[in-house]
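The values are calculated or read from the model by the stated rules, or taken from the named source; none is laboratory data. Computed from a predicted model, the values in this text were never measured in an experiment. Don't worry about glycine lacking a Cβ; one is built from the backbone with ideal geometry, like all the others, and counts go over all protein chains shown. Please note that ligands, DNA and RNA were not included when accessible areas were found on the heavy atoms of the full protein model with its side chains. Shrake-Rupley method; radii C 1.70, N 1.55, O 1.52, S 1.80 Å.
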Amino acid sequence: MSRQAASGQKGRTLQVPAMPNTALPMQTSDLPSAVWPGQSANPNGNSDLASFFECPVCFDYALPPIMQCQSGHIVCQSCRQKLNMCPTCRGPLGNIRNLAMEKVAASVPFPCRYSNNGCPLTLLHTEKSEHEDTCEHRPYTCPCPGASCKWQGSLEQVMPHLMQSHKSITTLQGEDIVFLATDINLPGAVDWVMMQSCFGHNFMLVLEKQEKIDGLQMFYAIVQLIGTRKQAENFIYRLELNGHRRRLTWEAAPRSIHDGIQSAIAASDCLVFDTNIAQLFADHGNLGINVTITICDR
């Protein structure tokens, strides 16, 4: 369902459009000795050993299950699905598992794929994928919800990207502001987005309306920090809807844009309310949300 744009009001709010296997023996006598944790050895031994697992096509690591051609050349699983012959010798790939390499791989520490971005960790292949999914050195993506923007870059480049490519986003200064979402009665799925700047950091405020299969419309309001997870732990945000003798409040730590907001929305880990609740607090189709950012007391 495409997302629709909602018009802003007096610069106070902003909406982004929604946007069977046979094993062959292998000689391992030529492999360098592994460097195990706690042992003293050549500090380059780990990287030298891991280099034997490099895929000749993409230069990522070929991790178990490791398949080889009849001549013993290996290729990673991702590239193997796109090939019909060995990229090294041009021979048939077949379905031959390299059990010797798999045995060695079980004890080899591999560098994180984001090591060139500054990640210092080396991990066993069984831990590598899970770490890389949440690695702090993983490139950041555009935090605008519902948009088709495919931008990626470093944390320092996020704000310049938003200012250059998403110029319609309004930024309000101060730790206590009002986020005004206009035309909340628009049909379909809609996103309202605004930036808040305080305490030397930038926060993105998001109100997302989803239309469920049964026709029910749900609103999800959340705050994310343009920063790391560790930085996000230093703050608390409070969202508050106020109406005639009514008040609805949500308080939580902001999400880091590294994690995004979709998992929090899916788990309802944010301010959640339906259309009926929204109408109790709306004024002529506009919904004001008080947003307060505070520094977390430790």
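Odds and ends about this structure:
- Rounded to the nearest whole Hz, the Karplus-based 3J(HN,Hα) values (6.51 cos²θ - 1.76 cosθ + 1.60, θ = phi - 60°) of the range 192-198 follow the sequence 10, 9, 8, 9, 10, 10, 6, with x at glycine and proline.
- Put THR182, THR126, THR170, THR294 in order of accessible area, highest first, and with a 1.4 Å probe you get THR126, THR294, THR170, THR182.
- For the range 99-209, alpha-carbon Rg and Dmax in angstrom: 20.1, 64
- Per the Debye formula on identical point scatterers at the alpha carbon atoms of the range 166-295, with no solvent, log10 I(q)/I(0) at q = 0.15, 0.21 Å⁻¹ is -0.68, -1.32.
- Net charge of Cβ neighbours under 9 Å - reference THR134; Lys, Arg +1; Asp, Glu -1: -3
- Percent accessible area from carbon and sulfur atoms, the range 166-295, protein chains only, probe 1.4 Å: 48 percent
- Spin-label zone in the range 113-146 - amide nitrogen under 13 Å from a point set 7 Å from the Cα of SER154 along the C-beta vector: 116-119, 137-140
- Pairs of alpha carbons in the range 49-107 whose separation is greater than 20 Å (percent): 13 percent
- An ellipsoid equivalent to the range 65-160, defined through the eigenvalues of its Cα gyration tensor, has semi-axes of 34, 19, 10 Å when rounded to whole angstrom and sorted largest first.
- Distances between every pair of Cα atoms in the range 113-161, grouped in 5 Å steps from 0 to the bin holding the largest one, split as 4, 19, 24, 19, 15, 11, 6, 1 percent.
- Across the range 119-136, computed HN-Hα scalar couplings (Karplus, 6.51 cos²θ - 1.76 cosθ + 1.60, θ = phi - 60°) run 6, x, 7, 10, 9, 5, 5, 6, 9, 5, 5, 5, 5, 5, 5, 10, 4, 5 Hz from first to last residue, x flagging Gly and Pro.
- Restricting the calculation to alpha carbons of the range 243-285 gives Rg and Dmax of 13.2, 38 angstrom.
- 13 Å beta-carbon shell around HIS125, net charge (K/R +1, D/E -1): -2
- The range 166-295 - share of DSSP beta bridges that are antiparallel (%, nearest 5): 90 percent
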